């Protein structure tokens, strides 16, 4: 099998670096002036991270693994999608949601629709397990965009403060993170491990899909406090825990075999990513307790920490592992980049958690909290930059 086109990797990592620098700038805004609108820059940071890094890296991996005939349309569509990302990077920081950022966001959505059509039509996968997960990922991606199309009517009819508007945003985010991204990563992971179809997998697949649908009740309940939504979320959490148990039953021996043939660094990243996946589900499990759910929703530190746990820990961790599979990892730049990124992630997560707990207990800020958060955050773009330079140098 031919390697992933270098330009795809370079572009995706460059987008990630831009998103990381934007995130670092947001952290610095609490230390000194940045001369930009914080809210606008937040929109830019989140869009570039999700749509410029994760989306395009998954695009490259899916085409690489699942499409045997690499037709020119995939390259053209990749660059059209990247134009949309560049447009968002240049418009969101200066105008937020306005005419140009909406145009480029809409272009990205239509590119993603065409991507779904192409992958659905042209994929050739011998493993039934991967086919199921791939199709679920693509369906969830399409499904998530319903939330985007509801934003306009929500603003026009009820305004941005309405429950309708907030639920539409949560709909998009929930099914992007827990549907499209999660299922896409698992599809590639199961393909790499060569997980065969079985009764256990069929049960795992159904339970995972149902849990993804049911756990959407939690963000809805934040804005529509009906008791029935609490019970639906509890059922979704139970299904999620069952799916996690089945997940380990499915990958156990296969993962051990895979790690024997991979460099140690790749093994470390796989273990790190799986640990973040487990932690994500365990933290969601605590939302069964209404008081904990309310605390998380009202505490920005916990919200940001959880989003980064999923995006930087679970999803990005797996993407890095896929990129480095069967690759020499003795280049000091690559190793430094990975360790710098992981250190920055762990340190910022710890300080966010500690500060979140202090806010909850009414103890105020950690001494020089924002400065320490900024210093730890420097390790994230530094790590991405080092990984990017490694791939720029490599053949």
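Values quoted throughout were computed directly from the atomic coordinates according to the rules given, and no laboratory measurement underlies them. Just so we're clear, the structure is a prediction, and the values are computed from it rather than from any experiment. Neighbour counts run over all protein chains shown; Cβ positions are idealised from the backbone, glycine included.
Take the Kirkwood radius over Cα pairs of region 291-395, plug it into Stokes-Einstein at 37 °C and 0.692 mPa s, and you get 217 µm²/s for translational diffusion.
The eigenvalues of the Cα gyration tensor, multiplied by 5 and square-rooted, give the chain an equivalent ellipsoid with semi-axes of 29, 26, 24 Å from largest to smallest. Calculated mean residue ellipticity, 222 nm, the chain: -26500 deg cm²/dmol, from DSSP H runs (n ≥ 4) at -39500 (n - 2.57) each, averaged per residue and rounded to 500. Mean separation of Cα pairs under 8 Å and 6 or more residues apart, divided by the residue count, gives region 107-264 a relative contact order of 23 percent. For region 320-364, the extents of the C-alpha atoms along the principal axes are 49, 19, 7 Å, listed from largest to smallest. Neighbour counts of other Cβ atoms within 10 Å put 6, 264 in the fewest-to-most order 264, 6.
Sorting the segments 207-220, 236-249, 365-378, 309-322 by their mean number of nearby beta carbons within 10 angstrom, highest to lowest, gives 309-322, 207-220, 236-249, 365-378.
Return a whole-number percent for the relative contact order of the chain, with Cα pairs under 8 Å and 6 or more residues apart as the contact set.
Working: 452 pairs, mean separation 64.5, N = 395.
Rounded, it is 16 percent for the chain.
Histogrammed with a bin width of 10 Å, the alpha carbon distances of region 8-83 distribute as 19, 41, 23, 12, 4, 0 percent, first bin at zero.
At the listed q of 0.23 Å⁻¹, the Debye profile of region 196-299, built from one uniform point per Cα, gives log10 I(q)/I(0) equal to -1.17. Mean sequence separation of contacting Cα pairs (under 8 Å, at least six apart), scaled by the length of region 1-124, corresponds to a relative contact order of 29 percent. Label-to-label distance for residue 142 and residue 353 is 3.9 nm, based on points extended 7 Å past Cα in the beta-carbon direction. The share of C-alpha pairs in region 89-130 whose separation exceeds 16 Å stands at 54 percent. Relative to the 2.2 N^0.38 Å rule of thumb, region 1-154 has a C-alpha radius of gyration ratio of 1.13.
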